[in-house]
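Data block below; observations after.
The values are calculated or read from the model by the stated rules, or taken from the named source; none is laboratory data. Predicted model only: the values in this text are computed from it and were never measured. Neighbour counts run over all protein chains shown; Cβ positions are idealised from the backbone, glycine included.
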C-alpha cells in the first residue's frame, strides 16, 4: 500500500510516457495554426514585392527591408541614404515601451506589496479590483481615456477646479497621452506577477535584517528585491512586449505625429493601397527585437534560478 502510494506520487515515474506525443498533439496543433503558421506567412510576405495597385507580386526580393532602412528617392534611382523616419518611429516605440514598463514597475511594486501584506481574507478583494478593468474591451478603455484626458475632459476640469492650472492642459495627441494610455492599459500585467512573487516572499528575512539594524532602503534593495526578482522580470516582459507593439493608444491618444511601430504596421495592412510586404518586414523587425529582449531576460532568469539552486 505504502509502496504503491510512493510509486504513484513519484516525480520520476510517468505512466503516460508512451502516449505523451499523442497527448501533446492538440496543443502542438493549436500552436502551429495560431502562432507558427501566421509568423511563417508574415516572413514570406516580407520578402515579396508590392504590386503597384495594391496586393503583392510573388517575386522574392529584399525591397521591403531596404525601404525600412534606406531612402532611395521617389523613383528609387537615387543613392541610398538612411531612412531616419522609420528608425525614429522604431526608437519612439522602444522609448515609450521602456518608460511604460518603468512607470508600471514604480507604481505596481508598492501596489503589489500592499496587497500581499493585507490579511488573507482581503487579498482576493484587492486582486479582484485590479482585474476589473480587464472586463472591458481595450478599445473601449482607450476611448474612455481619450474622453478623460481631452482639453475639456474631467481631468482638466478637476485640476482647474482645485486651482492647480489656469488653462486646460493639452494631453491628447502628445507623447504624454500615449504614455498614459500604455501605462493604464498594462499596469495590471505588472501588478499580478509582482503580487504572486511577494506573496511567496518570506517576511522573516526582512525582520532578521531589521534586527541587524539594516535601514529600510537596504532591506528593500538587498533583501526584498533580489528575492522577488523573478516576478519583476515577468512583469517587465508582460508590460514591455505588448507596449512595444501597441497601436490603439498611439492612434487614439497620440495622433499622426506620435506614431509607434504598431501603428505603422497596422497602417500598411489597411485597404487595397497598403504595402503588405513593407508591413510584414516591419513586423518581422519588431518580432526580432522582442525575441532579443526575451532571450536576454530568459538568460537573466536562468542565472537567478541557478543561483537559487
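Couple of notes before you dig in:
- Considering the range 149-165, the residues that are closer than 22 Å to residue 249 by Cβ and surrounded by 14 or more Cβ atoms within 10 Å (Cβ to Cβ) include one that is farthest from the chain's Cα centre (by Cα), namely 159.
- Residue within the range 203-212 that is in a helix (DSSP H, G or I), buried (at least 19 other Cβ atoms within 10 Å of the Cβ) and in contact (Cβ under 8 Å) with a residue 12 or more places away in the chain present: no
- Residue 123 vs. criteria surrounded by fewer than 19 Cβ atoms within 10 Å (Cβ to Cβ), over 30 Å from the mean Cα position of the chain (by Cα), touching a residue at least 12 places away in the same chain (Cβ under 8 Å) and more than 25 Å from residue 287 (Cβ to Cβ): no
- From the options 104, 85, residue that is in contact with a helix residue (DSSP H, G or I) (Cβ under 7 Å, 6 or more places away or on another chain), under 30 Å from residue 248 (Cβ atoms) and part of a helix (DSSP H, G or I): 104
- Apart from one condition, residue 264 fits all of (1) within 14 Å of the chain's Cα centre (by Cα); (2) in a helix (DSSP H, G or I); the exception is (1).
- Of all residues in the range 173-183 being in contact with a helix residue (DSSP H, G or I) (Cβ under 8 Å, 6 or more places away or on another chain) and surrounded by fewer than 20 Cβ atoms within 10 Å (Cβ to Cβ), the one that is nearest to residue 109 (Cα to Cα): 175
- Of residues in the range 239-260 being over 12 Å from residue 182 (Cα atoms) and part of a helix (DSSP H, G or I), the one nearest to the chain's Cα centre (by Cα): 258
- Within the range 264-278, being surrounded by 14 or more Cβ atoms within 10 Å (Cβ to Cβ) and in contact (Cβ under 8 Å) with a residue 24 or more places away in the chain holds for 264, 274, 275, 276, 277, 278.
- Matching residues in the range 45-67 - criterion: being assigned to a helix (DSSP H, G or I), out of contact with any helix residue (DSSP H, G or I) (no Cβ under 8 Å at 6 or more places or on another chain) and in contact (Cβ under 8 Å) with a residue 24 or more places away in the chain: none
- In the range 215-233 there is at least one residue that is closer than 24 Å to residue 135 by Cα and either modelled with pLDDT of 90 or more or not in a helix (DSSP H, G or I) (or both).
- Restricting the range 99-113 to residues that are over 13 Å from residue 195 (Cβ atoms) and without any contact (Cβ under 8 Å) to a residue 60 or more places away in the chain, the residue that is surrounded by the fewest Cβ atoms within 10 Å (Cβ to Cβ): 106
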